[in-house]
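Chemist: Handing you a structure now.
The values are calculated or read from the model by the stated rules, or taken from the named source; none is laboratory data. Keep in mind that this is a model prediction, so the values were computed, not measured. With ideal geometry, Cβ positions are generated from the backbone for all residues, glycine too; neighbour counts draw on all protein chains shown. Calculation scope for accessible area: heavy atoms of the full protein, side chains included, ligands and nucleic acids excluded. Shrake-Rupley method; radii C 1.70, N 1.55, O 1.52, S 1.80 Å.
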Amino acid sequence: MLMQLTLGGLSQGMIYALIALSLTVVYRSTTVVNFGHGDFVMAGAFLSYVLVVLAGVAFLPAAALAMIAMFVLGVMFNRGLIRPIRGGPHIGLALMCIAAGYLLRGIARMVWGREVLPMPPVFDMDPIFVGDLVITGDAVFIIGTVLVLLLLFFGLMALTDLGKMVQAVYQSPRGARLIGLNVDRFNDFSWGVGAALGALGGILVAPVSLLHPDLGASFLIKGFAAMTLGGFGSLGGAVLGGVLLGIAEQYAGAYLDTALIEITAYVVIVAVLFIRPQGLFGRKAVVKV
Amino acid sequence: MKKYISLLAAAGLAASPLLAQDAEWETEGLSDDAITIGVMGPFSGNASSYSKALIGMMAYYDKVNEEGGVHGRKLVAVQEDTACDSAKGLAAAKKLISQDEVFMLQGNSCSGVALALRPTIEEAGLPWIVAHAVSDSISDPLAANIFHGVPTGGANGRAMAAFVLSKPDTSNVAIIEHSNDWAHSYSNPAREYLEENGVAPSLELTMERGQTDATAQVLKLRQEKPDFIIAALYEAETAIFLRDLKKYGMGDIPVMGTAGTDLENTLKRTGDFDTVKNYYVIHSYVDNLDGPLMQPWGEMIHKYYPDEELSTFSFVSIGSAEALVSALEAVGPELTRSKLMAALEEVRDFDTGILSDPISWTADDHQGVKGSAVAGFVDGEPTVLKAWGQPY
Amino acid sequence: MSQIMPSARQRKMRTLLFWAVPAVLLLLPLATNPYTQFIANGMLVSVLVTLGFTLTIGNLGQLAFANTAFFGIGAYSSAILAAKLGVPWLLTIPLAGAFGALGGFLASAAALRGIRTYYLAIITLAFGELMRWAYLHAKPLTGGTDGMPMPRETLLGISLTDDTLKFYIFLAVTVLLVKATLNLMRSHFGRAVMAVRENEIATASLAIPTARVILATFMWSGFVVGCAGALFARHVGHVFPESFGMLHLIASFAMVLVGGLGSVLGAVLGAVLLTALPEYLRAFPGMEELFFGLIVAGVLVAMPMGLASLLRRVSPIFVERFYREAP
Amino acid sequence: MSTLLTVEGLSVRFSGLTALDDVSFTLEDGNVRAVIGPNGAGKSTLFNAISGYVTPTAGTVHLRGQELTRLTPHEIAEQGIRRTFQNGGLFPALTVLENVLTGLHAQTQGSFLDILLGRSKALKSEADNIHRARELLKLMSMDHMADTRAGDLSGGQQRIVEIVRTVASDPPVLLLDEPAVGLSPVARAQMMEIIHRLAGEKGVGILLIEHAVELVMAAADRILVMAAGARIAEGTPEEIREDRAVLEAYLGHS
């Protein structure tokens, strides 16, 4: 049972990891926490739905197209709405993100309104039995896709010049400006990557869940919990936090009470911030007065 | 100061039309060629898919109007959005009653909103036919002007439990549900009915909206090995739950679902017949959604709302609209609110041709629909059932 | 540049104006029907919610999202006290405020542990959602998903379902709390709150106990919003967990921003405007989110200090300061 | 002349690093004592340790014989040691008058309830404070700026307002952290004048961190020279000018 729970938690946690990672990418480069990110996730899912079901595109190219579109949307959002108020208080930035999320949700609701949309299953595969353990196609697909993507992401960060530059900016944004990096373009890029990665989370969830304009809200909180657990601002921490959160939910549900699954994320947030505010890998979250 | 305030309050009251239940009040919202009906529903917000019920109902108004209306009067729907929010719903009801001055109300999908509305509408006194929300407390205790036109949660829940117990040798029943009022409106009466019959649920599980995995829940079920599972889950979660159930080798345990799901869509969502072959749902209708008896209703909706996608909600409010029209016919051309309410109380065993159970309203009981059928797969075909193994 | 401050005469005008508004509002029920009266009552509830919110988020400058939790705590304490213990509703208002203040105490515990900015935002969000979970699952006390109906009650022989009567009570509570909050903001306490926002370290060097200031601000905010919760319980007549979710939080956040962060006047303006707007949008169901998103984004870009800043430009009467000149 | 501030063996260590090493000195009323030393000498740590922002690992701080060593910043401020900040500690969104009023926080009468209800006790105290704040601003010829947002002032004006705010409550001891940095020569002279008046007319004991050597030499009665967290010399400006250790450790390098 433990193995099975772990596997279930892993596949759920991979989605959280992706969302936490995408939040972190934006946060690290722009210090903005995207409070509207849940709706970016939803928008990714809807775009892939449009392409697959309405335009008849195959799933993989549809996913790629949806991610590209969300990249562009992320860039546009940063240029059009975030940059004009960047100097202001972070309260304004937080609300701007929420407003953008509302716009996306409003559009989704206007177009799809009162329909609940089922996405056709894309990874049909007979489950694999390993002793007592059942491995489903969904799990293989989600874990596989996210793993490949994470390898790619962290590989790029560690091995390429671009990645090293990004790391350098994370270390010292001021230094980056000094060496002539175009910070505006870098921020655009981060927003784009963040939006696209978040969208992928939505795309992966779409076939196993039902699409509705409100599907983003719960993912936002899960993303926050994962970030907090892993250490706010740490890329690796976000991923690990996501996975651990997914597994913790399953354990709490199976060994304690299934009613706890929903609040595991909140309990994690409160507990981590009070007990070990820096999370597993982050820097200290606390200011001394 | 206090005195002035109470004076002002009294002045405000006198200015409001609520207490003036006179002749003018009796025919408010009525003209020679129209009856205005306030239709409240969640036309926006996260429960907006429920508003399909009201679209179906308004399509029926359109049909009646096209056939000449009732005693020369057309049924004019005045739509108001509740967004499934109690404050917004109250505003909608007060607007319909005091600003739009409609003759009567029909509709409302969300039970929470309906519960919040009840005192206001009861005080206003105009007829309200509850056309979708299921909570029993909306119409019980009796309110003179509130009529329930769909099977209540109690009726549905009891029907679910009765069906579960109609399977021979059922003694171990588990319940899995969302922790929201929608799910509780089914599970609470089901639980009561089970307990009345000496079967306390052996396992109570929750699964929240948006979860894409039911491993934890299913593994608990595997330890308990129930004979029957009652699942008060929305469509997506139902599919996920059934899929995981089969995955862990428990595909043979029958599962009883709510009216929020239907067999056809659940099959479509899981994409695998084996997964759903033991799934049963509350089915308030006389036929399968795409069966010959339901087809004309679907065509009617599409005639007036060509783009409307049909779901199991689309048909649920039509029956009470039929009962309303029959009561309006019975009153005759000299219509008043009191006469209508009296006529509604005369509706007996009214066969709507769409709901599986008839509508009966009496002076003591305004919960008009007392039961529901169940649908399940028989020989691979969706079939409406009365009890375990008994076709409708 | 020196700000144009209101002259002594203008200050008198301002006082007059402050009392003239509720005085005129006393006549409002003559001009309303039950629907518009209900909306007006809702506005008064929103004014208090926004007022409490702007104190922590605007004046104290803390990104704390616990206000919806205070609101729910207030509403549920009022409902539980009235329904289970038979306390007259009017008495439950200050008690609900006290419970709201207790919620404020809990939220400030996070801030006082040094959890700030986004961390505070996230932990207070979690606090709100945990409370909502508690309403759902503490069934014997809260009625779970079915919520809690408020008991029938009369006052001066009039049923408390009457919107006109409610209006006078709501108005009295609102005027009292707005006035008390203004007193607070225009005192050394109000300045200390602003000082903490601007520079917490320097604030301590002026013999200002910053921890106590933060604690007291959260508690007063909780008190105001807790009272608003008690009003809301009567306003709707039935308390449901779903009324205290993310949607409410975002709506009140927008009221604060549109009115003007940290401004009492702005709280009133934002609450009135954004409570009325959805009613005008009734003709377009489902468009509310779009309008909301556009309005908030527009205000943030074009008018970061909100509507209150517009009024300040019109007349110095509307300039809000953090001291109070002798009359 | 009486001793106001007594610092004895004050030390601060952060994880193995000694930021302040066994520093002792006294400060008398009406005296100006400058603290100088190269960057990283521990001057700011000394200020932070005295004013409670850093907890000393050893040593004591007494004000008129009363121990303040482990009190919090606001408690120490309340006891009478007030400070300014190197980077400016004004509240930009508040007006000049409001900024000065924050310096009188502890002098205000009236409980939370008095304020809420607008009771006359609170109003009277507020009126007194406003009167006092306006007087102080007039004294510094800043009264015409009373309603200006502090953020809109020039750098020199901000420094002056910060000092007005800091001395508004008549503290016996004042810690000034580089009050003249970034000021024009005219503003510097004005600042000198203010420091002289505070010490001379009001008898305030002033501890001063300053880099501008000519200002230090002109303003200070005694000078404390620090390097690497420790005191390396102490004396009158004349003595310090002659001190070989100082010349080597500090002046020699500058």
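Chemist: Quick one: C:Val268 ticks every box in (1) open to solvent by 20 Å² or more (accessible area, probe 1.4 Å); (2) under 28 Å from B:Leu117 (Cβ atoms); (3) of a type in the set (Val, Ile, Thr) bar one, so which box is it?
Modeler: All conditions are met except number (2).
Chemist: Can I ask one more? Wholly within segment A:190-289, which helices (runs of 4 or more DSSP H) include no fewer than the required count, namely at least 2 residues that are free of Cβ contacts under 8 Å to residues at least 24 places away in the same chain and of a type in the set (A, V, I, L, M)?
Modeler: By residue number, A:264-275.
The rows are residues; the columns are (1) more than 19 Å from B:Gly45 (Cα to Cα); (2) in a helix (DSSP H, G or I); (3) touching a residue at least 40 places away in the same chain (Cβ under 8 Å).
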| residue | (1), (2), (3) |
| --- | --- |
| C:Ala216 | yes, yes, no |
| C:Gly226 | yes, yes, yes |
| C:Arg234 | yes, yes, yes |
| C:Val256 | yes, yes, yes |
| C:Gly266 | yes, yes, yes |
| C:Ala276 | no, yes, yes |
| C:Ala308 | yes, yes, yes |
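Chemist: Which residue, of B:Glu67, B:Glu26, B:Glu101, is more than 27 Å from A:Gly106 (Cβ to Cβ), at pLDDT 90 or above, not small (Gly, Ala, Ser) and not assigned by TED's automatic domain parsing to the domain that holds B:Arg337?
Modeler: Only one candidate passes the filter, namely B:Glu26.
Chemist: For segment D:1-106, which fully contained helices (runs of 4 or more DSSP H) count at least 1 residues that are surrounded by fewer than 22 Cβ atoms within 10 Å (Cβ to Cβ) and modelled with pLDDT of 90 or more?
Modeler: D:43-51, D:73-79
Chemist: What is the residue count in segment B:334-358 for residues that are within 21 Å of the chain's Cα centre (by Cα) and under 16 Å from B:Asn145 (Cα atoms)?
Modeler: Here the count works out to 4.
Chemist: From the list B:Thr212, B:Thr238, B:Thr261, exactly one residue is without any contact (Cβ under 8 Å) to a residue 60 or more places away in the chain and not in a loop (DSSP other than H, G, I, E, B). Which is it?
Modeler: Testing whether each residue is without any contact (Cβ under 8 Å) to a residue 60 or more places away in the chain and not in a loop (DSSP other than H, G, I, E, B) leaves just B:Thr238.
Chemist: Can you report the number of residues in segment C:1-57 which are polar (S, T, N, Q), within 12 Å of chain B (Cβ to nearest Cβ) and under 22 Å from C:Gly226 (Cβ atoms)?
Modeler: Total satisfying the criteria: 2.
Chemist: Determine, yes or no, whether C:Leu171 is under 23 Å from C:Pro88 (Cα atoms), free of Cβ contacts under 8 Å to residues at least 24 places away in the same chain and away from chain D (no Cβ under 11 Å).
Modeler: When the stated conditions are applied, C:Leu171 does not pass them.
Chemist: May I ask you to list the residues in segment B:234-269 that are open to solvent by less than 40 Å² (accessible area, probe 1.4 Å), at pLDDT below 90 and under 15 Å from B:Gly376 (Cβ atoms)?
Modeler: B:Gly251, B:Ala259, B:Thr261, B:Asp262, B:Leu263, B:Asn265, B:Thr266, listed by residue number.
Chemist: When only residues in segment D:169-198 that are open to solvent by 10 Å² or more (accessible area, probe 1.4 Å) and of a type in the set (Gly, Ala, Ser) count, which is nearest to the chain's Cα centre (by Cα)?
Modeler: D:Ser169
Chemist: Does segment D:88-111 contain any residue that is facing chain C (nearest Cβ under 8 Å), among the β-branched types (Val, Ile, Thr), in contact with a Leu (Cβ under 7 Å, 6 or more places away or on another chain) and in contact (Cβ under 8 Å) with a residue 24 or more places away in the chain?
Modeler: There is at least one residue in segment D:88-111 that is facing chain C (nearest Cβ under 8 Å), among the β-branched types (Val, Ile, Thr), in contact with a Leu (Cβ under 7 Å, 6 or more places away or on another chain) and in contact (Cβ under 8 Å) with a residue 24 or more places away in the chain.
Chemist: Just need a number here: residues in segment D:53-74 that are at the interface with another protein chain (Cβ under 8 Å from one of its Cβ atoms) and more than 17 Å from D:Lys43 (Cα to Cα).
Modeler: Number satisfying all stated conditions: 3.
Chemist: Sticking with this structure for a sec: Based on this model, can you work out whether A:Ser11 counts as within 16 Å of the chain's Cα centre (by Cα), open to solvent by 10 Å² or more (accessible area, probe 1.4 Å) and among the hydroxyl-bearing types (Ser, Thr, Tyr)?
Modeler: Answer is yes for this residue.
Chemist: Across segment B:209-233, what is the number of residues that are facing chain A (nearest Cβ under 8 Å), small (Gly, Ala, Ser) and open to solvent by less than 10 Å² (accessible area, probe 1.4 Å)?
Modeler: The number of residues fulfilling the criteria is 1.
Chemist: Let me ask something else. Restrict the check to segment D:142-160 and report whether at least one residue is more than 12 Å from chain C (Cβ to nearest Cβ), aliphatic (A, V, I, L, M) and over 23 Å from C:Pro316 (Cβ atoms).
Modeler: For segment D:142-160, residues more than 12 Å from chain C (Cβ to nearest Cβ), aliphatic (A, V, I, L, M) and over 23 Å from C:Pro316 (Cβ atoms): present.
Chemist: Now a separate question. Filter segment A:74-97 for residues that are open to solvent by 10 Å² or more (accessible area, probe 1.4 Å) and more than 14 Å from every other protein chain (Cβ to nearest Cβ) and give the result.
Modeler: Scanning segment A:74-97 gives a single hit, A:Val75.
Chemist: If you scan segment D:112-126, which residues turn out to be open to solvent by less than 30 Å² (accessible area, probe 1.4 Å) and at the interface with another protein chain (Cβ under 7 Å from one of its Cβ atoms)?
Modeler: D:Ile115, D:Leu116, D:Gly118, D:Ala122, D:Glu126, listed by residue number.
Chemist: Right, here's the next one. Which condition number in (1) of a type in the set (Val, Ile, Thr); (2) open to solvent by 10 Å² or more (accessible area, probe 1.4 Å); (3) at pLDDT below 95; (4) in a helix (DSSP H, G or I) is the one that C:Ile4 fails?
Modeler: Unmet condition: (4).
Chemist: Let me ask another. Quick check on my filter: what residues within segment C:93-116 are open to solvent by less than 50 Å² (accessible area, probe 1.4 Å) and within 8 Å of chain A (Cβ to nearest Cβ)?
Modeler: Correct list: C:Ala110, C:Gly114, C:Ile115, C:Arg116.
Chemist: Also, I was wondering about something else. Can you report the number of residues in segment D:50-76 which are closer than 16 Å to D:Leu176 by Cβ and touching a Pro at 6+ places or on another chain (Cβ under 8 Å)?
Modeler: Looking only at that region, the number is 2.
Chemist: In the set B:Ala155, B:Ala143, which member is open to solvent by less than 10 Å² (accessible area, probe 1.4 Å) and assigned to a loop (DSSP other than H, G, I, E, B)?
Modeler: B:Ala143
Chemist: Evaluate segment B:304-312: report whether one residue or more is within 30 Å of B:Glu28 (Cβ to Cβ) and either at pLDDT below 90 or open to solvent by 20 Å² or more (accessible area, probe 1.4 Å) (or both).
Modeler: Yes - at least one qualifying residue is present in segment B:304-312.
Chemist: Now for a different question. If C:Leu26 meets every condition in (1) farther than 27 Å from A:Val270 by Cα; (2) open to solvent by less than 10 Å² (accessible area, probe 1.4 Å) apart from one, which number is that one?
Modeler: For C:Leu26, the failing item is (2).
Chemist: Please go through segment B:77-97 and give me each residue that is open to solvent by 10 Å² or more (accessible area, probe 1.4 Å), modelled with pLDDT of 90 or more and either among the small types (Gly, Ala, Ser) or in a helix (DSSP H, G or I) (or both), ordered by number.
Modeler: Selection gives B:Ala77, B:Ala87, B:Lys88, B:Lys94, B:Lys95, B:Ile97.
Chemist: Still on this model: Among the residues of segment B:62-89, how many are of a type outside the set (Gly, Ala, Ser) and more than 14 Å from every other protein chain (Cβ to nearest Cβ)?
Modeler: Residues in segment B:62-89 being of a type outside the set (Gly, Ala, Ser) and more than 14 Å from every other protein chain (Cβ to nearest Cβ): 12 in total.
Chemist: While we're looking at this one, here's another question. Just to be sure, is C:Leu300 touching a Leu at 6+ places or on another chain (Cβ under 9 Å), closer than 19 Å to C:Val224 by Cβ and assigned to a helix (DSSP H, G or I)?
Modeler: no
Chemist: Which residues, counting only those in segment D:117-144, are modelled with pLDDT under 90 and in contact with a Leu (Cβ under 7 Å, 6 or more places away or on another chain)?
Modeler: The answer is D:Asp143, and nothing else.
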